[in-house]
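**Student:** Below: one structure in structure tokens.
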Amino acid sequence: MSAPASLLMRRQRRLAYWLVAPAVLLILVIYVVPMILVFAASLTDYTLVSDYWEFVGLDNYRRMFGDPQFANALHNTLIYALVFLPGAFFTPLFLAIAIQSRRRFRSFFEVIYFMPVTSTLTAMALVWSALMDSRQGIINNSLQALGLPAINFLGSPDTVLYALAGISLWSVIGFNMVLFLAGLTAIPQNLYYAAAVDGADHPVDRFFRVTWPMLAPTSVFVAVTSSITAFKLFDVVAMLTQGKPAHASEVFLYLTFLEGFEYFNMGYSAALSVFFLGIIFLFALVQTLLADRAGRY
Amino acid sequence: MARLELKDIRKSFGGTDVLRGIDLDVEDGEFMSLVGASGCGKSTLLRIISGLENADSGQILLDGRPVGDDPPSGRNVAMVFQDYALYPHMSVAQNMAMPLVMARLPIYARLPGGRLFTPHLRGSRADIALQVEKVAGQLRIDHLLSRRPAQLSGGQRQRVALGRALVRNPSLFLMDEPLSNLDAKLRVEVRKEIVELHRKSDLTFVYVTHDQTEAMTMSDRVALLRHGRLLQVAMPGSLYFDPATIDVARFIGSPEINLFPARRKDGTLSFAGVRLSLSGGPMGDSDLMVAIRPEALVVKGAAGVASSPLEGPQFSIGVTREAIEDLGAEIVIHGRIARMPDIALRIRAQKSLHHAGPVAVPAQFDVRASLSSLLFFGADGQRINGVTAGVAQKALAR
């Protein structure tokens with residue numbers, strides 16, 4: 001190689017570093033450094049109200065696994081996820097298939113179901129709490145008109161998680177439905193023709209032979225993002241119940257918030273955050289692995 | 001093995017008539033091609049035969065039995081699609097087994113995981129696997145059975161699609177432009193294989209294509225469609241030499257047939273500066289069209305072009321050269337009639353075997369042709385039969 005060419009290469013390499021520098025810097029400042037800081041804070045007894053802090057090792061984690069509030073929050077979050085996830089997956093799937101085969105009113109239904117996604121959930125949560133009010137709420141009034149007992153949706157420890165799941169479902173179904181619709185649109189019509197000629201013209205066969213396998217990448221995406229959404233539940237709780245009644249709606253992120261910003265236990269709150277990060281990382285890992293497999297047609 | 005009859009098939013989509021009364025008989029074991037430009041309704045017709053689409057009116061008979069109301073699976077037809085329509089999530093073996101699985105296994109055994117709780121069906125599954133292997137062997141894809149479609153080349157996918165269609169022993173084999181996604185060389189190869197397949201299997205084939213070469217080389221008979229109507233159904237040779245209408249003559253053959261507006265007056269026909277005597281056919285003065293194939297015109301005075309001998313009475317036309325396409329073995333000369341420059345002329349000629357170097361065609365030259373190679377069409381586009389052209393006195397004088 002001649003000398004001028006190698007000089008040019010060195011210059012270009014230097015330029016390349018300059019060009020990626022802003023992106024690297026942003027990723028460091030926005031993602032990597034905060035994560036390291038949170039992890040570092042989780043190893044201390046730092047509180048918001050005192051300048052003094054010291055290194056406590058894994059004490060915060062030890063405390064976490066012995067903390068009944070932590071167990072309660074985890075339990076609540078899991079219950080909530082178990083109610084939320086099937087609804088957030090199968091309802092949009094069903095709606096998408098039903099709407100897609102319609103010729104008329106298709107866009108009308110698309111808009112109707114997507115509308116909640118465009119509204120602000122924190123504001124709409126207040127509307128829902130009014131609807132669910134134990135005394136004047138429309139839902140309870142209707143129940144009573146039918147001769148059924150009134151339900152204190154948000155005020156009873158037995159129902160609060162289901163009520164919260166219902167509100168979140170309402171807000172997420174339209175979004176997942178649009179994802180499924182996009183997945184359905186991408187399935188070539190000829191596959192259905194081929195299936196029909198091959199004898200798979202029964203709707204059940206069409207679904208299991210063509211629609212479901214072809215939707216696999218979309219399904220993995222919807223399932224994982226919805227799981228993350230379920231674990232990230234915070235705003236509706238903060239707006240409507242603040243963890244009440246009797247800690248029955250104290251979900252994981254809300255507990256983290258309480259520990260950090262109400263009780264000022266920043267170190268402990270950071271340990272909870274690290275745990276949360278681990279769960280989200282697991283979901284992301286599952287998605288990457290599955291999406292890789294499902295995408296390998 | 002089946003005989004297919006279509007009776008007055010009509011179909012329209014949202015006010016547009018796509019098929020306007022198709023009557024067609026396909027004999028048992030025949031290879032019938034449906035040819036036409038895109039939008040002529042040939043694919044719609046095929047989908048109606050298969051049952052994927054319902055005709056608005058008309059009858060479809062398979063071996064004399066009306067099947068118009070049967071679902072696709074009830075007609076025992078197999079279909080090969082242009083994009084192959086293989087199931088991307090299944091292996092080649094699973095793709096090919098699909099029609100048999102659907103036909104032979106009950107619905108609960110076909111559900112995901114159905115294999116686990118239906119051990120009594122192991123025999124049926126083994127039969128299906130055996131059948132798939134047999135057909136895969138015939139098509140020489142048995143070494144690909146465990147692959148996914150994405151891991152196959154275009155030609156291999158094409159064979160898998162054929163295999164999936166063959167495995168069920170269909171009574172009717174439908175193909176919708178199966179070669180158009182293949183490259184030119186492979187297309188010729190698969191064309192031969194499909195013909196071979198037809199010869200061996202004795203099945204009735206209905207083959208849709210926009211490519212006249214495919215239709216002409218593969219079929220027993222060709223049905224030419226245009227604007228939802230059948231123009232002509234005939235053997236490839238007679239479609240070429242004996243077209244029923246001017247549209248058929250123009251569609252079949254490349255380069256396109258030469259057309260000249262002509263006038264018949266007092267028994268004399270004049271076109272492109274040529275005057276011929278005309279006898280027979282409908283009498284009286286009229287406007288008509290005269291047509292002649294590009295290879296029926298013989299170039300005089302061009303170096304490197306072989307001139308085949310002409311028979312019988314002839315005529316000649318002066319031509320201005322415009323462009324030359326050298327195709328290797330033959331050349332296509334585009335020109336205009338010297339005395340009527342608004343009429344284009346296409347000439348196809350064989351190259352001389354002993355001539356090395358480029359072909360030289362003068363800027364002005366004469367072409368000659370036999371009177372017997374002229375075709376006559378009326379102003380309505382219908383062929384006029386029983387007309388004989390002779391040499392008029394004036395033409396002789398030239």
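**Student:** Looking only at the range B:326-337, filter to residues that are modelled with pLDDT of 90 or more and not aliphatic (A, V, I, L, M); which one of those is farthest from the chain's Cα centre (by Cα)?
**Tutor:** B:336
Okay, residues lined up against (1) in contact (Cβ under 8 Å) with a residue 60 or more places away in the chain; (2) of a type outside the set (A, V, I, L, M):
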| position | (1), (2) |
| --- | --- |
| B:38 | yes, yes |
| B:41 | yes, yes |
| B:48 | no, no |
| B:52 | no, no |
| B:74 | no, yes |
| B:120 | no, yes |
| B:126 | no, no |
| B:129 | no, no |
| B:134 | no, yes |
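Residues checked against (1) open to solvent by less than 20 Å² (accessible area, probe 1.4 Å); (2) charged (D, E, K, R); (3) touching a strand residue (DSSP E or B) at 6+ places or on another chain (Cβ under 6 Å); (4) closer than 30 Å to residue B:30 by Cα:
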{"site": "B:207", "(1), (2), (3), (4)": "yes, no, yes, yes"}
{"site": "B:216", "(1), (2), (3), (4)": "no, no, no, yes"}
{"site": "B:221", "(1), (2), (3), (4)": "no, yes, yes, yes"}
{"site": "B:228", "(1), (2), (3), (4)": "yes, no, yes, yes"}
{"site": "B:237", "(1), (2), (3), (4)": "no, no, no, yes"}
{"site": "B:250", "(1), (2), (3), (4)": "no, yes, no, yes"}
{"site": "B:256", "(1), (2), (3), (4)": "no, yes, no, yes"}
{"site": "B:265", "(1), (2), (3), (4)": "no, yes, no, no"}
{"site": "B:269", "(1), (2), (3), (4)": "yes, no, yes, no"}
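**Student:** Which of the residues belonging to the range B:310-328 are under 22 Å from residue B:254 (Cα atoms), of a type outside the set (A, V, I, L, M, F, W, C) and open to solvent by 70 Å² or more (accessible area, probe 1.4 Å)?
**Tutor:** Passing the criteria: B:321, B:322, B:325, B:326.
**Student:** Looking at (1) within 14 Å of another protein chain (Cβ to nearest Cβ); (2) within 20 Å of the chain's Cα centre (by Cα), which is the only condition residue B:31 fails?
**Tutor:** Condition not satisfied by residue B:31: (1).
**Student:** Having 3 or more residues that are more than 14 Å from every other protein chain (Cβ to nearest Cβ) and surrounded by 21 or more Cβ atoms within 10 Å (Cβ to Cβ) is the bar; report the helices (runs of 4 or more DSSP H) wholly within the range A:199-297 that clear it.
**Tutor:** Where helices (runs of 4 or more DSSP H) fall fully within the range A:199-297 and carry at least 3 residues being more than 14 Å from every other protein chain (Cβ to nearest Cβ) and surrounded by 21 or more Cβ atoms within 10 Å (Cβ to Cβ), they are A:216-231, A:235-240, A:252-257, A:266-294.
**Student:** Out of the residues in the range A:214-230 that are out of contact with any His (no Cβ under 8 Å at 6 or more places or on another chain) and aliphatic (A, V, I, L, M), which is nearest to residue A:186 (Cα to Cα)?
**Tutor:** The qualifying residue nearest to residue A:186 (Cα to Cα) is A:215.
**Student:** Hey, another quick one. Look at residue A:160 and say whether it is closer than 30 Å to residue A:179 by Cα, open to solvent by less than 60 Å² (accessible area, probe 1.4 Å) and touching a Pro at 6+ places or on another chain (Cβ under 8 Å).
**Tutor:** Judged against the criteria, residue A:160 is a match.
**Student:** Restricting attention to the range B:271-306, report how many residues are of a type in the set (Gly, Ala, Ser), surrounded by fewer than 19 Cβ atoms within 10 Å (Cβ to Cβ) and assigned to a strand (DSSP E or B).
**Tutor:** Within the range B:271-306, residues that are of a type in the set (Gly, Ala, Ser), surrounded by fewer than 19 Cβ atoms within 10 Å (Cβ to Cβ) and assigned to a strand (DSSP E or B) number 4.
**Student:** Further question on the same structure: When you check residue B:57 against the structure, is it within 12 Å of chain A (Cβ to nearest Cβ) and polar (S, T, N, Q), yes or no?
**Tutor:** For residue B:57, the condition - within 12 Å of chain A (Cβ to nearest Cβ) and polar (S, T, N, Q) - is not met.
**Student:** A further question on this structure: Pull out all pairs, ordered by first then second residue, where Cβ-Cβ is under 7 Å, the residues are six or more apart or on different chains, the first lies in the range A:140-155 and is part of a helix (DSSP H, G or I), and the second is among the hydrophobic types (A, V, I, L, M, F, W, C).
**Tutor:** These pairs meet every condition: A:140/A:150; A:140/A:151; A:143/A:150; A:143/A:151; A:144/A:150.
**Student:** Here is a check on your reading of the model: is residue A:182 farther than 29 Å from residue A:76 by Cα, of a type in the set (A, V, I, L, M) and more than 12 Å from every other protein chain (Cβ to nearest Cβ)?
**Tutor:** Considered against the rule, which asks whether it is farther than 29 Å from residue A:76 by Cα, of a type in the set (A, V, I, L, M) and more than 12 Å from every other protein chain (Cβ to nearest Cβ), residue A:182 comes out as yes.
**Student:** Same structure again: Please enumerate the residues belonging to the range B:245-268 that are in a loop (DSSP other than H, G, I, E, B) and either closer than 20 Å to residue B:345 by Cα or under 16 Å from the mean Cα position of the chain (by Cα) (or both).
**Tutor:** B:252, B:253, B:254, B:255, B:256, B:257, listed by residue number.
**Student:** Turning to a different aspect of this structure: Mind counting the residues in the range B:348-370 that are aliphatic (A, V, I, L, M), without any contact (Cβ under 8 Å) to a residue 60 or more places away in the chain and in a loop (DSSP other than H, G, I, E, B)?
**Tutor:** Of the residues in the range B:348-370, 4 are aliphatic (A, V, I, L, M), without any contact (Cβ under 8 Å) to a residue 60 or more places away in the chain and in a loop (DSSP other than H, G, I, E, B).
**Student:** With the requirement that a residue be within 22 Å of residue B:82 (Cβ to Cβ) and either under 22 Å from the mean Cα position of the chain (by Cα) or open to solvent by 50 Å² or more (accessible area, probe 1.4 Å) (or both), what does the range B:48-59 give you?
**Tutor:** Correct list: B:48, B:49, B:50, B:54.
The values are calculated or read from the model by the stated rules, or taken from the named source; none is laboratory data. It should be emphasised that the depicted structure is a prediction, and the values quoted were computed from it without experimental measurement. Glycine also receives a Cβ, built like all others from the backbone with ideal geometry; neighbour counts cover every protein chain displayed. When the accessible area is computed, the model is the full protein with side chains, heavy atoms only, and any ligands, DNA or RNA have been set aside. Shrake-Rupley method; radii C 1.70, N 1.55, O 1.52, S 1.80 Å.
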